[in-house]
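Below is one structure, written out as structure tokens, with a few remarks after it.
The values are calculated or read from the model by the stated rules, or taken from the named source; none is laboratory data. On a predicted model such as this, the values are computed, not experimentally measured, just so you know. Virtual Cβ from ideal backbone geometry, glycine too; neighbours counted across all protein chains shown.
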Amino acid sequence: MVDEAEGSKAPIERLVDRVSGIFVPVILVIALLTLAGGWLVTGSFDRSLINTVAVLVVACPCALGLATPTAIMVGAGRGAAAGLLFRSAEALEQTGRIGVLLMDKTGTLTEGRPQVAGVFPQGDATEISLLALAVGLEGDSSHPLARAVREAATAWQITPEVIEGNRAVAGHGLEGLHEGVVVRLGSARFLEKTPSGAAEEAMLSGQTLIGVERDGQLLGWIAVADTIRPDAAQAIGLLKRYGILPIMVTGDTQAAARRVAEAVGISDIRAEVLPGDKADAVKQARADAASGTLIGMVGDGINDAPALASADVGIAMGGGTDVALERRMSY
């Protein structure tokens, strides 16, 4: 990818090529006129030839043609050394012109390695039965919350329940059949249930709640917490210093989003946004910004792929790189 970026041409480089294409013939004509005019006026061919060579040396656009590709190569190389892979020279140039940067929360501002912080069963359910059902529904999902639940179940040596026909409901959760009865897992909005007691306190403290229900009956909540990246606040501070407006766009609850936003210094929060609606958030940010402002989007490259594709500059974090390339992300 680095080779591709270094070998591609940025818009400014293409402009330089066009200017050079006009500039060079003009300089050649001026040089010939210098030779002819000097020879006629002075009668000295040698003196006129020296003046002609001087015109060619002074006016040669070599520096113009070399400076831009050299800058692109150095920029792409330094980015790669820092773990930042630019897809093209155009992406490298556009990144420097971003005015508004939208970013996902999980995996961008946080470590992306959430852990189960509490299990709150209700009714006849127990912590073990709740986790067993949740892990059965999660299956081999690559979602960070699913990994957190699996790790907790493994630590507790819990055997997953057998779930048939489990399927993902995009942006909401999972559902399937357990012993012929419908079971669902997901957010409070998806289950249309309101947390109470200790689960509510966990939610208000900024933890993410995953609910589990069987045949429409709530079995309980699993609270998951993620760690904020240690350098997130510093990065947000730098963005503001460079005049870039940071906006958090997340599918998590207002409480969870606010906890992270306040810790890193983001004041503009868009919470409980479904993956499919994040592209609309990008369009809204473009409509709200001044004319000509470039909009950037940072996400995981998988769930956020539509939003990344909608932005002027799409930035995919870590594991989402392959999907990002397919969607023509910037880097």
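Tabulated data
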{"quantity": "Complete set of residues in region 235-271 that are charged (D, E, K, R) and buried (at least 16 other Cβ atoms within 10 Å of the Cβ)", "calculated": "Asp252, Arg258, Arg259, Arg270"}
{"quantity": "Every pair of residues 6+ apart whose Cβ atoms lie under 8 Å, when the first sits in region 106-125 and is of a type in the set (Asp, Glu) while the second is outside any loop (DSSP other than H, G, I, E, B)", "calculated": "Glu111/Ile228"}
{"quantity": "Failed item in (1) touching a residue at least 40 places away in the same chain (Cβ under 8 Å); (2) surrounded by 22 or more Cβ atoms within 10 Å (Cβ to Cβ), with Gly211 passing the rest", "calculated": "(1)"}
{"quantity": "Verdict on Ala146 being at pLDDT 90 or above, buried (at least 18 other Cβ atoms within 10 Å of the Cβ) and of a type outside the set (Asp, Glu)", "calculated": "no"}
{"quantity": "Residues of region 179-189 that turn out to be surrounded by 18 or more Cβ atoms within 10 Å (Cβ to Cβ) and either in contact with a Lys or Arg (Cβ under 7 Å, 6 or more places away or on another chain) or not in a helix (DSSP H, G or I) (or both), as a count", "calculated": "5"}
{"quantity": "Qualifying residue in region 116-125 (condition: modelled with pLDDT of 85 or more and of a type in the set (Val, Ile, Thr))", "calculated": "yes"}
{"quantity": "Entirely in region 190-301, the strands (runs of 3 or more DSSP E) that have 1 or more residues that are under 19 Å from the mean Cα position of the chain (by Cα)", "calculated": "245-249, 268-270, 294-299"}
{"quantity": "Scan of region 56-91 for residues that are modelled with pLDDT of 80 or more and more than 30 Å from the chain's Cα centre (by Cα), ordered by number", "calculated": "none"}
{"quantity": "Region 152-173 residues that are surrounded by fewer than 16 Cβ atoms within 10 Å (Cβ to Cβ), paired with ones that are part of a loop (DSSP other than H, G, I, E, B) and among the aliphatic types (A, V, I, L, M) (beta carbon under 9 Å, 6 or more apart)", "calculated": "Ala170/Leu274"}
{"quantity": "Pair list, Cβ under 8 Å, 6 or more apart: region 89-101 residue among the hydroxyl-bearing types (Ser, Thr, Tyr), other residue crowded, with 19+ Cβ neighbours inside 10 Å and in a strand (DSSP E or B)", "calculated": "Thr95/Gly296; Thr95/Val313"}
{"quantity": "Qualifying residue in region 125-138 (condition: closer than 24 Å to Ala202 by Cβ, in a loop (DSSP other than H, G, I, E, B) and touching a helix residue (DSSP H, G or I) at 6+ places or on another chain (Cβ under 6 Å))", "calculated": "no"}
{"quantity": "Filter result (in contact with a Pro (Cβ under 9 Å, 6 or more places away or on another chain), at pLDDT below 90 and within 15 Å of Ala309 (Cα to Cα)) within region 92-115", "calculated": "Gln94"}
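Residues are listed down the side, and each one gets a yes or a no for (1) within 16 Å of Glu90 (Cα to Cα); (2) modelled with pLDDT under 80:
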| position | (1), (2) |
| --- | --- |
| Gly299 | no, no |
| Ala311 | yes, no |
| Thr321 | no, yes |
| Met329 | yes, yes |
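Matching residues to (1) buried (at least 18 other Cβ atoms within 10 Å of the Cβ); (2) under 13 Å from the mean Cα position of the chain (by Cα):
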| site | (1), (2) |
| --- | --- |
| Glu93 | yes, no |
| Arg97 | no, no |
| Met103 | yes, yes |
| Thr108 | yes, yes |
| Val119 | yes, no |
| Leu130 | yes, no |
